[in-house]
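Undergrad: The structure is given below, and queries will be raised subsequently.
Computed from the coordinates by the stated procedures, all read-outs in this text should not be read as laboratory data. Computed from a prediction, not measured in an experiment: that's the story for all the values here. With ideal geometry, Cβ positions are generated from the backbone for all residues, glycine too; neighbour counts draw on all protein chains shown.
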Amino acid sequence: MENLKLASPWVTYFNKLNALFGKDPEIHLVMDNDTPEVKLYVDSDKKADALMRLLPVSVTFGNVILKVSVIPANPELGVSRAALIKDAFEGNPVYAWDIDLSLPLSTQTIRYVMFKNEVVQFYNDQLDDPNGNLTTLYQDIAKELIGESDGVHFCTDDPTKPHPEENDSHNYDCGDYHCCDSQDSWGN
């Protein structure tokens with residue numbers, strides 16, 4: 001703790017973006033601390049369009065405004081928020097699968113986006129952890145960076161449970177997966 005150097009909150013934000021999207025071979029992230037700006041260079045036009053619509057163009061941390069730039073090859077337009085999220089995570093190794101479920105006695109459909117069941121940990125020299133690490137799940141990062149709205153929920157896959165398409169999806173119980181309660185992923 002004697003060599004403790006606190007990371008700025010915008011560095012933490014970049015680390016979370018990198019944890020969520022850095023493994024995707026079509027996305028390359030760069031942090032410019034001088035500006036400050038995060039640039040996401042995206043090879044897939046469809047994915048770039050989805051990220052441009054899902055991520056904020058800037059995030060304010062006190063008197064510092066972090067610019068978030070998605071730089072596509074050639075932009076094309078997506079459709080619904082659920083479709084944008086699917087486009088944004090398609091091919092990303094942290095993404096497991098998703099399912100659309102109709103609510104009983106309703107015309108509303110809810111999409112559950114499942115992320116791999118992995119603990120995400122990266123160096124983030126904050127006071128939260130004496131070792132300077134941030135420990136979380138992909139679903140929590142997605143909830144914070146993209147937000148849950150318009151019937152889209154982020155979850156963590158439970159590999160011990162059968163995939164809903166292997167069963168009758170009408171009997172699917174979202175309570176089998178870690179996203180259908182009001183608690184965070186650590187049970188708080």
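Undergrad: Please report V57, V30, V70 as a ranked list, fewest other C-beta atoms within 10 angstrom at the top and most at the bottom.
TA: The order, fewest Cβ neighbours first, is V57, V30, V70.
Undergrad: Report, in listed order, any pair from K86/K143; K47/K161; K47/K67; K67/K116; K23/K47 with a Cα-Cα distance greater than 26 Å. Write out the running numbers ahead of the final one.
TA: On the way: K86/K143 15 Å; K47/K161 29 Å; K47/K67 19 Å; K67/K116 28 Å; K23/K47 14 Å.
Those over the limit are K47/K161; K67/K116.
Undergrad: A further question follows. Among I71, I99, I85, I146, which comes first, then next, by fewest other beta-carbon atoms within 10 Å?
TA: Working: I71 14, I99 17, I85 24, I146 21.
If I rank by nearby Cβ atoms, fewest first, I get I71, I99, I146, I85.
Undergrad: Here's another thing I want to ask about it. Which order results if T35, T136 are arranged by neighbouring Cβ count within 10 Å, fewest first? Can you show the working numbers first?
TA: Numbers: T35 12, T136 20.
The most exposed by this proxy come first: T35, T136.
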